[in-house]
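Take a look at the structure below.
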Amino acid sequence: MGFRFTGTDIPGVLLITPDIFEDERGLFMEAYKYSDFAANGIPEPFVQDNHSKSQKGVLRGLHYQLNH
């Protein structure tokens with residue numbers, strides 16, 4: 001997953017286009033990811049944001065890890 005950061009004619013303004021993954025169940029995308037934004041000069045302390053859209057009847061799982 002990732003983003004395309006494109007400069008504009010306005011100094012300091014970037015067009016940020018996320019990768020969107022779609023299939024018959026719906027879609028998934030990262031709306032923000034600190035490491036990608038920081039690498040492109042936007043070091044805001046927001047860690048990550050994801051977005052998904054599912055069709056009716058689709059159940060998505062939530063994933064997590066335990067820190068041992």
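The values are calculated or read from the model by the stated rules, or taken from the named source; none is laboratory data. Because the structure is predicted, anything quoted here is derived from the model rather than measured. Reconstructed Cβ throughout: ideal geometry from the backbone, glycine too, with neighbour counts over all protein chains shown. All accessible areas refer to the heavy atoms of the entire protein, side chains included, with ligands and DNA or RNA removed. Shrake-Rupley method; radii C 1.70, N 1.55, O 1.52, S 1.80 Å.
Which three semi-axes in whole Å describe the equivalent ellipsoid of the chain, each the square root of 5 times a Cα gyration tensor eigenvalue, listed largest first? All intermediate terms of the calculation are to be shown ahead of the outcome.
Working: eigenvalues 152, 67, 11 Å².
In descending order the semi-axes read 28, 18, 8 Å.
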Q: Note down the nm distance, to one decimal, between modelled labels 7 Å out along Cα→Cβ at His63 and at Thr6.
A: 3.0 nm
Q. Mind listing which trypsin sites (Lys or Arg not before Pro) in segment 25-68 are in a DSSP loop and have 16 or fewer other Cβ atoms within 10 Å?
A. Arg25, Lys56, Arg60
Q.
Rolling a 1.4 Å sphere over the protein heavy atoms, what is the accessible area per residue of the chain, to the nearest Å²?
A. 85 Å²
Q. Could you give me the ³J(HN,Hα) list for segment 33-44, computed from phi with Karplus coefficients 6.51, -1.76, 1.60 and θ = phi - 60°, whole Hz, x at Gly and Pro?
A. 8, 3, 4, 5, 5, 4, 5, 10, x, 10, x, 5
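Between the DSSP loop rule and a limit of at most 12 other Cβ atoms within 10 Å, which chymotrypsin sites (Phe, Trp or Tyr not before Pro) in segment 3-56 are left? Could you put the intermediate results ahead of the total?
Values: sites: Phe3, Phe5, Phe21, Phe28, Tyr32, Tyr34, Phe37, Phe46; in loops: Phe46.
Those that pass, being in a loop and sparsely packed, are Phe46.
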**Q.** Inter-probe distance in nm under a simple model that places probes 7 Å from Cα toward Cβ, at Thr17 and Asp49
**A.** 2.1 nm
Q | GluC sites (Glu not before Pro) restricted to segment 17-65 and DSSP loop, no more than 14 other C-beta within 10 Å | A | Glu24
